[in-house]
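Written out below as structure tokens is the structure these notes cover.
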């Protein structure tokens, strides 16, 4: 903290440390990033963030995914304000609950119904619960290393978690059909659901898109065993395809979890499902004090409308490809070897031979000082607010980053 040049930020960290355990929590804790990254912000607009000390950068984390149209998108904020003037958390939902559910079912080919919650963990946990209710079975398969939320059954940390919390979770390797089949055999007729991420996005390693044969085998095994195929589209949903990230593969899940980009920064998540699981979804007990809040739903309806109007996935893909081409050229100019993986809308760049992320950290810290917020080991996020001019400015900042990375022995 003492190394931070932003003194207001440092003061806020000290104050937080006295009243918040650890100062902050989870992936939003800037202490996990290279020195110099701010923790506290005062303003966001489009694809730019301004921290509490007045430093403005081009944002390539988009609040770790929720910002898909750009910070404070006018259409979204107007819809949210209009609903707020009428009511938000009331004794029951507003009309927009039905309108949004109808829009989700109309837009997502695999969806016959829709439920709303608040966080991605809510949505993945509800999917697991519905799968168990609908099948009368217990076992859930998940890819080893995949992130599906912060509940005890799936948290990446074992602190405070018991073996019983995970007694019925079995693992397979992403894109590995043999390990998938072995995990199905281990379930021994007690398989409720197979949970799979839209693509492999484990922290700090090359991302992998789903192999079509692997995706087909997932669908086949779910059909053969009667288990639910559950797509975790919390992170990627609405960035890769507006109908669901696996729609281009022709593989449709029985249940899907959504959050992040659904409401452009307003707190909302959703579960969509096939007709087969409608009764199970109606029968489980799942609720929250703020789950029917109308403002985030109005924001979500506007977000989906804007994404369709703009063809958001195509725009983000084009900007991501422009960023990748610039990274490749910049690394080559400095004699550096890099690896780029995952979808262009959610890019990851890693340096070859950088097991301790020293080059990645140096690159990101220097680029940040020059005006671009990148991440050394987590996939980044493009938004519809990023323009070609923004990408080019960010690539100028990346030049300082590559120079710093090249200076690492």
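What order do you get for 295-305, 167-177 when each peptide is scored by the mean count of other beta carbon atoms within 10 Å, highest first?
Averaged packing, sorted descending, gives the order 295-305, 167-177.
Cα centroid distance between the range 199-277 and the range 337-355, in Å?
Going from one Cα centre to the other spans 22 Å.
Between 306, 164, 275, where does the largest GNM mean-square fluctuation fall for the chain, given springs only between Cα atoms within less than 10 Å?
Comparing 306, 164, 275 in the GNM, the peak value goes to 164.
Please rank 323, 12, 203, fewest neighbouring Cβ atoms within 10 Å first, as an exposure proxy.
Details: 323 26, 12 16, 203 13.
Neighbour counts put them in this order, fewest first: 203, 12, 323.
So for the range 104-225, averaging the separation of alpha carbon pairs under 8 Å that are six or more residues apart and normalising by length, what relative contact order in percent results?
25 percent
When only Cα pairs under 8 Å and 6 or more residues apart are kept, what is the percent relative contact order across the range 74-309? Mind showing how you got there, number by number?
Numbers: 442 pairs, mean separation 77.4, N = 236.
After rounding, I find 33 percent.
With axes computed from alpha carbons, what is the tilt in degrees of helix 312-333 against the longest principal axis of the chain, rounded to the nearest 10 within 0 to 90?
With rounding to tens, the tilt is 40 degrees.
Tell me the Kirkwood radius of the range 61-199: reciprocal of the mean inverse pair distance over distinct alpha-carbon atoms, in Å.
Every distinct Cα pair counted, the radius reaches 18.0 Å.
Could you tell me what fraction of 2.2 N^0.38 Å the Cα radius of gyration of the range 1-95 comes to, as a two-decimal ratio?
Values: Rg = 16.7 Å, N = 95, 2.2 N^0.38 = 12.4 Å.
Here the Cα radius of gyration is 1.34 times the empirical estimate.
Show me the ranking of peptides 23-33, 47-57 by mean Cβ neighbours inside 10 Å, starting with the highest.
Peptide ranking by packing, descending: 47-57, 23-33.
So if we plug the beta-carbon distance of residue 90 and residue 282 into 1/(1 + (r/R0)^6) with R0 = 25 Å, what FRET efficiency do we get, rounded to 0.05?
Plugging the Cβ-Cβ distance into 1/(1 + (r/R0)^6) gives 0.65.
Stokes-Einstein D for the range 163-227 at 25 °C, 0.890 mPa s, Kirkwood Rh over Cα pairs, in µm²/s?
193 µm²/s
Bin width 10 Å, origin at 0, all Cα-Cα pairs of the range 290-353: what percent of pairs per bin?
19, 32, 22, 17, 9, 1
Please give the direction-averaged projected area of the C-alpha convex hull for the range 74-309, in square nanometres with one decimal. It would help to have the intermediate numbers written out before the result.
Details: hull surface 52.2 nm².
Taking the Cα atoms of the range 74-309, their convex hull projects to 13.1 nm² on average.
Which three numbers, in whole Å and largest first, are the semi-axes of the equivalent ellipsoid of the range 275-399 derived from its Cα gyration tensor as √(5λ)?
Working: eigenvalues 274, 70, 41 Å².
Ellipsoid semi-axes (Å, largest first): 37, 19, 14.
Report, as a whole number in µm² per second, the diffusion coefficient that Stokes-Einstein gives for the range 347-389 at 4 °C and 1.567 mPa s using the Kirkwood radius over alpha carbon pairs.
Diffusion coefficient, whole number: 114 µm²/s.
Students often check this: by mean Cβ neighbours within 10 Å, which of 58-70, 381-393 ranks highest, and how do the rest follow?
58-70, 381-393
Hey, what's the Kirkwood Rh for the chain if you take every pair of different alpha carbons, in angstrom? Before the final figure, lay out each step's value.
On the way: mean 1/r = 0.0451 Å⁻¹.
It works out to 22.2 Å.
From zero up to wherever the largest Cα-Cα distance of the range 338-409 sits, split into 5 Å bins and tell me the percent of pairs in each.
3, 18, 25, 28, 18, 6, 2, 0
Could you check which residue among 163, 394, 150 shows the biggest mean-square fluctuation in a GNM of the chain with a 10 Å Cα cutoff?
Highest fluctuation among the options: 163.
Helix 212-225 versus the longest principal axis of the chain: what angle, 0 to 90°, nearest 10, using Cα atoms?
Computed tilt is about 30 degrees.
Less than 11 Å from a label point 7 Å out along the Cα-to-Cβ axis of residue 176: which backbone N atoms in the range 223-251 qualify, by residue?
Counting backbone N atoms under 11 Å from the label point, the list is empty.
One-quarter of the Cα convex hull surface for the range 64-136, in nm²?
Details: hull surface 27.2 nm².
Projected over every direction and averaged, the Cα hull of the range 64-136 covers 6.8 nm².
With an 8 Å Cα cut-off and a minimum separation of 6 or more residues, compute the relative contact order for the chain in percent.
22 percent
Let me know the volume per residue of the alpha-carbon convex hull for the range 195-244, in Å³.
Values: hull volume 4.5 nm³, N = 50.
Value for the range 195-244: 89 Å³ per residue.
Using the alpha-carbon atoms, what tilt in degrees (0 to 90, nearest 10) does helix 388-406 show relative to the longest principal axis of the chain?
For helix 388-406, the angle is close to 70 degrees.
Write down the Kirkwood hydrodynamic radius of the range 325-379, to one decimal in angstroms, obtained as one divided by the mean of 1/r over all alpha carbon pairs.
Averaging 1/r across every pair of different Cα atoms and inverting gives 11.6 Å.
Could you tell me what fraction of 2.2 N^0.38 Å the Cα radius of gyration of the range 216-321 comes to, as a two-decimal ratio?
Its radius of gyration relative to the 2.2 N^0.38 Å reference: 1.19.
Read-outs throughout are calculated quantities, based only on the coordinates presented, and are distinct from any laboratory measurement. Keep in mind it's a predicted model, so treat the numbers as computed, not measured. Here Cβ is always computed from backbone atoms with ideal geometry, including for glycine, and neighbour counts include all displayed protein chains.
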